Structures are given as C-alpha cells and as structure tokens.
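Below is one structure, written out as structure tokens, with a few remarks after it.
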Amino acid sequence: MSDRTPMLAQPLRPPTAGRAGALLGFFVLGALVSAAGALVQPGWFPGGLLLALAAEAGAVLGAARVLRSRSGGVAVAAGWMVAVILLTASRPEGDFLFAAGSGSYLFLLGGIAVAVICATLRPGRQPDGDHVRLGE
C-alpha cells in the first residue's frame, strides 16, 4: 500500500518489542503524572490545577511526538485515566485522595478533556531527510 492510504484502511501491524516497551513506559508515565497532579492540584489552587493539567498535556503531546503517532499520546492518556479512577475510589478506612470540591472535579473533567484533545491532535507532517529545505 502507498503512504497516502488512510490510516484506517492500512493493515494492522504488530508493535515491535521496543515500541511495545515505549508504550508501556508511557502508560506508567501517565499514571505518575496523574498521581502527582492529584497531589499538587489541591495544594496550590488554582495554580496547582493549571500546573497539573499542563503537565498532562505536555506528557501526552510529548509521547505522541516521540513515537510519531497518536499511540504514544493514547498510552499516556490511558495511564492517566486508569490512575485517576483508582485514586478516586475510597478505601474501607474512609481515606480518599480527592475531596468533594470544585478543584477536584475540574481536575478530573479537565484532565479527561485535555487527554482526549491532545491524544487526538494530528501531528503536523514534516518532510524527512537532509535534502529537504523548509521555507522554499
């Protein structure tokens, strides 16, 4: 198939071992960013909330750029969402990480929106190689 065939029309190719390892690493990165954001956002409201959402956006966009596909961004977003779901569950002792407040809800809903927006952005196409000169 040519390079101009739409992505959904191309056959599925299994990921290589290095790519699968990178996706797993990005999944863990998303979980760590989520846990850090859950701790930072109530401490310095509203700056902590903005910092947590900016960190998530940077991780999602960075992973997509590193792998040159949306799969890196989706892996970070999936790790973020799984960690948030696990962190919202209360424990039998009554402990919980997210308080019932506007900051927590903004972090949860804003984080989901940031993850979806950043993971579905189409990366800009740039020509590869030394022989290509941009701006001409």
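Every number here is computed from the coordinates shown, using simple stated rules; none is lab data. From a predicted model like this one, the values you see are computed outputs, not experimental measurements. Cβ coordinates were reconstructed from backbone atoms using ideal geometry, including for glycine residues, and neighbour counts include every protein chain displayed.
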(request) Would you order F107, F45 from fewest to most other beta-carbon atoms within 10 Å of each residue's own beta-carbon? (result) F45, F107
(request) Could you list which residues have their amide H under 5 Å from that of F45, counting only those 5 or more apart in sequence or on another chain, with H placed in the peptide plane? (result) none
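Hey, how much of the P(r) for the stretch 16-120 falls beyond 18 Å, as a percent of Cα pairs? Intermediate results must be reported in sequence, preceding the final value.
Values: 2414 of 5460 pairs.
Of the Cα pairs, 44 percent sit more than 18 Å apart.
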